[in-house]
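Working notes for the structure below.
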Amino acid sequence: MTNPRTIILVSLAYKSDLLPIIFDKKELKKRNKCIEKLVNGKIIEKATSAAIEAIQTAAMIVTSTVH
């Protein structure tokens, strides 16, 4: 069983397009099936998506209010 924290971290990295920064192409391709299993079909993934949307919204608000 995968640790829920691992699922959240992988989902965040996946949804934020950070995995290509973390892994080189060969390593990412090697781990892609496992990553897809973690990200897709998990209840936590929905919460992660909501968290990312909230972070992106907050970042847009901050950048629009900073002069």
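The values are calculated or read from the model by the stated rules, or taken from the named source; none is laboratory data. This structure is a prediction, so every number in the text was calculated from the model and none was measured. Heads up, the Cβs are rebuilt from the backbone with ideal geometry, glycines too, and the neighbour counts pull from every protein chain shown.
Key figures for this structure:
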| item | result |
| --- | --- |
| From the options 51, 59, 13, residue that is surrounded by 14 or more Cβ atoms within 10 Å (Cβ to Cβ), at pLDDT 85 or above and in a helix (DSSP H, G or I) | 13 |
| Pairs, first in contact (Cβ under 8 Å) with a residue 40 or more places away in the chain in the range 5-23, second among the small types (Gly, Ala, Ser), C-beta under 9 Å, six or more apart | 8/47; 8/51; 12/51 |
